[in-house]
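Presented below is the structure to which this report refers.
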Amino acid sequence: MASNHARFSISRGSLDNCVGAIRGSHLLRAQLSGQPVDLEADEQR
């Protein structure tokens, strides 16, 4: 299944405790601009 969307799981403690997801574009934009990534503020439920 091909997709132009990339989401990454956010977990606490272990991969079994998934608390949300974040878009790959948000991570990339933060990295390119030198900004820190705040996973809890950026997560999508």
Under 5 Å between amide hydrogens, which residues at least 5 positions from VAL19 or on another chain qualify, with H placed 1.01 Å from N in the peptide plane?
ILE10, SER11, ARG12
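Between ASP16 and LEU32, what length in nm is gained on full extension when 0.36 nm per residue of separation is reduced by their alpha carbon distance?
This chain segment gains 2.8 nm when fully extended.
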Taking the mean number of other Cβ atoms within 10 Å as a proxy for protection, how do you rank 22-28, 12-18 from highest to lowest?
22-28, 12-18
Could you give each residue of the range 20-27 its phi-based ³J(HN,Hα) in whole Hz, using Karplus coefficients 6.51, -1.76, 1.60 with θ = phi - 60°, and x for Gly or Pro?
x, 8, 10, 6, x, 5, 5, 5
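None of the figures in this text is laboratory data; all of them are computed from the coordinates on show. Worth saying up front: this structure is predicted, and the values here are computed from it rather than measured. Neighbour counts run over all protein chains shown; Cβ positions are idealised from the backbone, glycine included.
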